[in-house]
1. Quick check, is residue 161 closer than 24 Å to residue 194 by Cβ and either touching a residue at least 40 places away in the same chain (Cβ under 8 Å) or buried (at least 20 other Cβ atoms within 10 Å of the Cβ) (or both)?
2. Return yes when residue 166 is free of Cβ contacts under 8 Å to residues at least 40 places away in the same chain and touching a helix residue (DSSP H, G or I) at 6+ places or on another chain (Cβ under 6 Å) and no when it is not.
3. So which residues in region 172-202 are part of a loop (DSSP other than H, G, I, E, B), surrounded by 19 or more Cβ atoms within 10 Å (Cβ to Cβ) and at pLDDT below 90, if there are any at all?
4. Name the single residue, out of those in region 88-126 being surrounded by fewer than 18 Cβ atoms within 10 Å (Cβ to Cβ) and in contact with a strand residue (DSSP E or B) (Cβ under 6 Å, 6 or more places away or on another chain), that is modelled with the lowest pLDDT.
5. At pLDDT 85 or above, in contact with a strand residue (DSSP E or B) (Cβ under 9 Å, 6 or more places away or on another chain) and assigned by TED's automatic domain parsing to the domain that holds residue 240: is that true of residue 320 in this structure?
6. Just to confirm my filter: which strands (runs of 3 or more DSSP E) fall fully inside region 232-299 and include at least 2 residues that are free of Cβ contacts under 8 Å to residues at least 40 places away in the same chain?
7. Tell me, yes or no, whether region 301-310 has at least one residue that is surrounded by fewer than 18 Cβ atoms within 10 Å (Cβ to Cβ), within 30 Å of residue 77 (Cα to Cα) and at pLDDT 90 or above.
8. Which condition number does residue 74 fail, the rest of (1) within 34 Å of the chain's Cα centre (by Cα); (2) in contact (Cβ under 8 Å) with a residue 24 or more places away in the chain; (3) assigned to a helix (DSSP H, G or I) being met?
């Protein structure tokens, strides 16, 4: 009987223990869901700015063509008619003033030397005759008229010698050779054509054996062209409405089509007084230092002329919004109150945008975080 009473008690104890264990087991964790962000939380990232003035450079974009600096350019012509014996200079050669370019065999040089020798001889004869006439006049052996004639012959002979000497100097004959020419020991007909100034030979139009003429036309042929390539001319085309903006002394920047990142700065030195009837443009000359000799004659380039500066009202680019063809900004009216306002913008400037109309420096414009407020603004 006693065991029959203990069995139900044991069963009740086991069930109570199982019930307590199951209540202490950890419940499965529920996955937390984020709460939606309220509009008030978005306003924490909003930044308000005011339009500010900046100085913007005003430029004129145009095109131009590179040319040699005419003030430092030499075109060598034949000083006398003759045949070319030897060519001593070639394109690309660096020459100094007095450098021999070619040798020319000319009968005219022989004639000029002969004329000088004859003039010197006539001068010596007339000088002796004038000296004798003075002595005879003092001895009252001749009349004063004969003395005057002798002195006039002497002056004519002196003038003729100077003329012949000038002709030799024009042909490039140095004065040191005049004594030999007068003594008829120098009768060569070969003349050396030299460079009148230093530079680089950029063009040669002669070959050995070629015959060149002198004085047969108003535009004698150019044998050599020597240029100073340290600075080049850029002739820019400026249209009529833009001419008043250009002034002498303004800075200009030249860029090449092959090297758009390379810039060559120069200054405006001349503005043409006439308009090209075909292009309706005015030629503006810019002198540009030729760094590395990259500028080549007849090369087309882009030219940007700095015509001045102006104060403009700007806003950060992040403050400008474009939607459905409308450009607008968000104006802060008060706490969490924003209005749309249409604006008119101009050019971009170093991360900012020029504002032509719509805002003033007294306005408060949303810059950072304005994307979050576009839908909530009025």
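The values are calculated or read from the model by the stated rules, or taken from the named source; none is laboratory data. Predicted model, so just to flag it, every value in this text is computed and none were measured. Here the Cβ is made from the backbone with ideal geometry for all residues, glycine too, and neighbour counts use every protein chain on show.
1. Details: closer than 24 Å to residue 194 by Cβ: no; either touching a residue at least 40 places away in the same chain (Cβ under 8 Å) or buried (at least 20 other Cβ atoms within 10 Å of the Cβ) (or both): yes.
Answer is no for this residue.
2. Details: free of Cβ contacts under 8 Å to residues at least 40 places away in the same chain: yes; touching a helix residue (DSSP H, G or I) at 6+ places or on another chain (Cβ under 6 Å): no.
So residue 166 does not fit the description; no.
3. Hit for region 172-202 is 173, nothing else.
4. Going through the qualifying residues, I end up with 98.
5. Here the answer is no, as residue 320 does not meet what is asked.
6. Counting at least 2 such residues, we get 263-271.
7. No, region 301-310 contains no residue that is surrounded by fewer than 18 Cβ atoms within 10 Å (Cβ to Cβ), within 30 Å of residue 77 (Cα to Cα) and at pLDDT 90 or above.
8. With (1) within 34 Å of the chain's Cα centre (by Cα); (2) in contact (Cβ under 8 Å) with a residue 24 or more places away in the chain; (3) assigned to a helix (DSSP H, G or I) applied to residue 74, the lone miss is (3).
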